[in-house]
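Here's the structure, in structure tokens; my notes come after.
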Protein chains: 2
Amino acid sequence: MYRSTQKKSAMPERGRPRTFDRTAALRQAMELFWAKGYEGTSIADLTAAMAISSPSLYAAFGSKEALFLEATDYYTRNEGTEIWTALDEAPTACQAIENFLRQTAKAYSQSDRPQGCLIALGALHKDSSSGAICDDLRRRRAENHTALLRRLERGVAEGELPTSFDSDAAATFYATVQHGMSIQARDGASRAALLATVAGAMAAWQGLSGTA
Amino acid sequence: MYRSTQKKSAMPERGRPRTFDRTAALRQAMELFWAKGYEGTSIADLTAAMAISSPSLYAAFGSKEALFLEATDYYTRNEGTEIWTALDEAPTACQAIENFLRQTAKAYSQSDRPQGCLIALGALHKDSSSGAICDDLRRRRAENHTALLRRLERGVAEGELPTSFDSDAAATFYATVQHGMSIQARDGASRAALLATVAGAMAAWQGLSGTA
DNA sequence: CCTTTTATGTAACGATCGATACATAAATAT
DNA sequence: ATATTTATGTATCGATCGTTACATAAAAGG
């Protein structure tokens with residue numbers, strides 16, 4: 001019933017080789033889930049976009065749920081990575097947050113891709129979507145919050161921010177702003193509109209950090 | 001094919017009277033759509049929650065889509081109304097925004113109701129959900145943005161805010177924060193966590209308004 | 001009374017959902 | 001050459017989707 005999902009290419013090939021590019025098919029599936037959500041994407045939609053038959057889909061990915069989980073993993077590794085590198089590489093916490101939000105605005109408004117974030121919008125209703133799907137996305141969102149928290153705590157550790165700075169509250173605030181930007185982007189907001197939100201969020205920095 | 005949907009109770013009753021409370025059934029439908037989204041809620045789910053048969057549902061509400069539209073209208077008229085009265089009744093724009101956000105935090109974290117906002121979370125994927133559904137929610141979100149904008153413009157007109165104040169950018173920012181709070185609430189955030197976001201958003205006020 | 005009108009309950013419609021059985025094809029292993 | 005292993009293509013599974021036909025029940029209008 002279960003089969004290993006990821007062959008590290010070193011594995012010698014037994015049996016008939018597959019006639020499609022597994023990674024390319026996965027990318028197509030990701031884009032479809034990204035645009036239509038988990039519930040809104042059918043197997044028929046997927047097989048059409050991936051240009052394979054349903055038995056091939058199930059042989060290669062296991063199930064719709066497993067395919068979604070693998071697609072979100074692919075998404076995490078390949079989309080919007082500038083957002084998180086910006087967070088870590090900026091010299092100050094303030095610049096880190098601002099670059100984080102600016103990269104978010106940029107990534108969420110790319111016209112050649114679905115707008116907003118797959119992690120934020122892919123499956124929000126636990127009662128209906130497969131619980132595992134919803135929990136996985138929730139866990140990834142929590143990881144994003146943690147990444148923000150770590151960067152802010154680093155700012156405190158480095159003396160940039162006062163020890164009284166509430167890193168957790170600030171991380172929650174900026175993560176929430178980012179989530180809101182996904183819905184804003186889905187509503188067709190321009191990049192300028194997203195950047196207006198970024199400006200608003202950064203206007204909070206002085207108040208939060210107690211800096212002049 | 002079409003039938004009038006809203007009898008203002010003055011209409012004399014012809015034919016067999018319905019045996020269920022239409023408004024109560026609508027409220028049950030609203031709660032289900034609120035919890036599970038449009039796509040995630042099936043007719044079977046609805047008839048079970050409303051305690052009526054599917055022919056009764058169709059006779060009374062027309063279709064799943066029409067029922068959703070009516071349910072969102074009911075939601076708008078009956079849920080979270082404090083949010084918008086707070087916006088209009090506060091004496092200053094600053095207090096209006098803060099009360100708006102605090103009422104949002106309160107409404108989105110009520111334990112006896114689905115968390116977050118039906119308008120924000122009910123149908124985000126236009127490609128899959130009925131287009132009319134998605135457009136209707138989008139329109140309602142735009143109306144919310146407009147309400148914020150009007151209140152801020154009033155602050156400018158009353159001299160509370162400088163004429164240089166960018167009401168539209170600020171309205172966009174605060175609307176986005178509110179949308180993010182819906183996702184945050186869906187992730188199980190406590191009321192305290194939502195209020196941390198409110199504090200962050202209000203910390204932006206000084207920077208946005210140029211006030212001390 | 002009878003007709004008209006509307007609601008209810010049972011039962012089912014065609015379409016689509018996610019997922020597979022089966023036979024066949026193409027590769028390696030012995 | 002034969003066996004083994006894996007992928008493909010066709011065709012379809014039972015379940016559920018939103019929706020409706022149909023006969024019956026309960027009210028008002030004539």
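The values are calculated or read from the model by the stated rules, or taken from the named source; none is laboratory data. None of these values were measured; they are calculated from a predicted model. Counting neighbours? That spans all protein chains shown, and the Cβs are built from the backbone with ideal geometry, glycine included. Note: accessible area is taken over every heavy atom of the protein model, side chains too, but ligands, DNA and RNA are not part of it. Shrake-Rupley method; radii C 1.70, N 1.55, O 1.52, S 1.80 Å.
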Checklist entry - Looking at the stretch B:179-190, which of its residues are assigned to a helix (DSSP H, G or I) and open to solvent by 10 Å² or more (accessible area, probe 1.4 Å)? => result B:179, B:184, B:186
Next on the checklist: Report every pair of residues separated by at least 6 positions or lying on different chains whose Cβ atoms are under 6 Å apart, first residue within the stretch B:118-129 and in the same structural domain as residue B:31 (by TED's automatic domain parsing) and within 13 Å of residue B:140 (Cα to Cα), second surrounded by fewer than 24 Cβ atoms within 10 Å (Cβ to Cβ) and modelled with pLDDT under 90.
Outcome noted: none
Item to check | Residue list for the stretch A:40-93, filter: more than 14 Å from residue A:25 (Cβ to Cβ), more than 8 Å from DNA strand C (Cβ to nearest atom) and within 14 Å of another protein chain (Cβ to nearest Cβ) | outcome: A:40
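Yes/no matrix, rows are residues, columns are (1) part of a helix (DSSP H, G or I); (2) more than 16 Å from DNA strand D (Cβ to nearest atom); (3) out of contact with any strand residue (DSSP E or B) (no Cβ under 9 Å at 6 or more places or on another chain):
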position	(1), (2), (3)
B:59	yes, no, yes
B:77	yes, yes, yes
B:96	yes, yes, yes
B:110	no, yes, yes
B:133	yes, no, yes
B:137	yes, yes, yes
B:147	yes, yes, yes
B:159	no, yes, yes
Next on the checklist: Against the condition in a helix (DSSP H, G or I) and in contact with a Leu (Cβ under 8 Å, 6 or more places away or on another chain), how does residue A:101 come out, does it pass?
Outcome noted: no
Checklist entry - So, of the residues in the stretch A:15-54 that are β-branched (Val, Ile, Thr) and part of a helix (DSSP H, G or I), which turns out to be surrounded by the most Cβ atoms within 10 Å (Cβ to Cβ)? => result A:47
Checklist entry - Which of the residues belonging to the stretch A:175-212 are free of Cβ contacts under 8 Å to residues at least 60 places away in the same chain, more than 7 Å from chain B (Cβ to nearest Cβ) and under 14 Å from residue B:168 (Cα atoms)? => result A:192
